[in-house]
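A quick write-up on the structure given underneath.
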Amino acid sequence: MTFKDIYQRLRLPFRDDKELRRSLYQIMGFYPDHIEHYKTALTHKSSGKRNDNGKPLNNERLEFLGDALLDAVVGHIVFRHFTNKREGFLTNTRSKLVSRESLGKLAEEMGLTELIEARQFSQQSHNSYMAGNAFEALVGAIYLDQGYAAVMRFMEKRILAKMINIDKVAYKEVNFKSKLLEWTQKNRVRMEYRMLKQATDDKGSPIFGFCVVIEGVEGGKGQGYSKKEAQQVASQETLQRLRREPQFIDAIFQAKSERTKMEEEPTMAAPDLEEEKTDFIISKEEAMGTVGTMGPISPMSPMSPMSPMSSTSPSPDPDFDLSDITHRDLSREDIIAAAEAKAFSEQD
């Protein structure tokens, strides 16, 4: 404990906010100088609090500041810790360390969530977003109160040294591509990885660039020394956009709606291929003359070759008059058989 901390501890019993200062000391390892920064960092927008000017009081601005500081500080720590790793590995490790889920778990383990001022229903159902945002806001408050070096000490001594195994985090494979694919399948949207570039760096190593495209809407982009690495980075960025940008999700489902609407429009039925294969076969009904709009053609009908009304038909011949044996129900074979029987009987 430094002389400054000893002095702050001696003054603690005489402060109105001594409980908050004591709790912050347990979390950060030092007493705050300007407690108002930390009060703001722990104020969620649902609390309904306002500042002296009557404007809503919340931690969103400090959250923005803390997010930028975490990228810089954790990036510096990862850079020093892994001396021989490439940029893709370092970026992936930093992303896992400062992810909203990781920060939310840290906030809960540290007891930070118990200090957040929010409405009762929010306190009972606070999620990793609220906790993670409060952690980022706390980092922003530390910077305003103590400076950049204090933020570095806090992350190194209190977080990475005691609460996180940086090596385990770095080598733990998080398959962002698989997570994104699972999301697209659950929501029945189309996704593809579009290659943006394929080149080599100064040392001759291949470099690939990919972009995730969901329903025609461009998502995250990634670059790496392999296609898999580039697609992983692009998938991770897309997942982050899906969680943080409601307008991105709206654009995806709007595109899906337009596509499915076009697919549901009625189309002409496909031709029956089986019918096309057998259209040359004469059916029994066609052979009997019972199919068609003009009805059956009897031997004595005007269209019949035997009809006396036909201009092309021969003159009636009494020897071939079959009117007495013609019947609609007789088949062609029956008519011929009857005609032959009659012919033989007349010869007799």
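We did not get these values from a lab; they are worked out from the coordinates using the rules stated. This is a predicted model, so every value here is computed, not measured. Every residue, glycine among them, receives a Cβ derived from its backbone with ideal geometry; neighbour counts consider all protein chains shown.
General observations
- If R0 is 56 Å, the Cβ-Cβ spacing of Ser178 and Ala341 corresponds to a FRET efficiency of close to 0.05.
- Tensor-based shape of the stretch 163-246 (alpha-carbon gyration tensor, a/c under 1.5 rounded, otherwise prolate or oblate): oblate
- The lysines whose alpha-carbon is closer than 26 Å to the alpha-carbon of Lys55, local same-chain residues fewer than 8 away aside, are Lys39, Lys45.
- Long pairs among Lys172/Lys197; Lys85/Lys197; Lys96/Lys162; Lys85/Lys177; Lys228/Lys256; Lys105/Lys162, criterion Cα-Cα beyond 20 Å: Lys172/Lys197; Lys85/Lys197; Lys85/Lys177; Lys228/Lys256
- Cross-link reach list, lysines versus Lys261, counting only Cα pairs under 23 Å and skipping chain neighbours closer than eight places: Lys186
- Modelled FRET efficiency - R0 22 Å, Arg80 with Tyr225, Cβ distances, 0.05 increments: 0.50
- Cα centre as origin, Lys/Arg/Asp/Glu Cβ charges: the stretch 176-263 dipole, Debye: 240 debye
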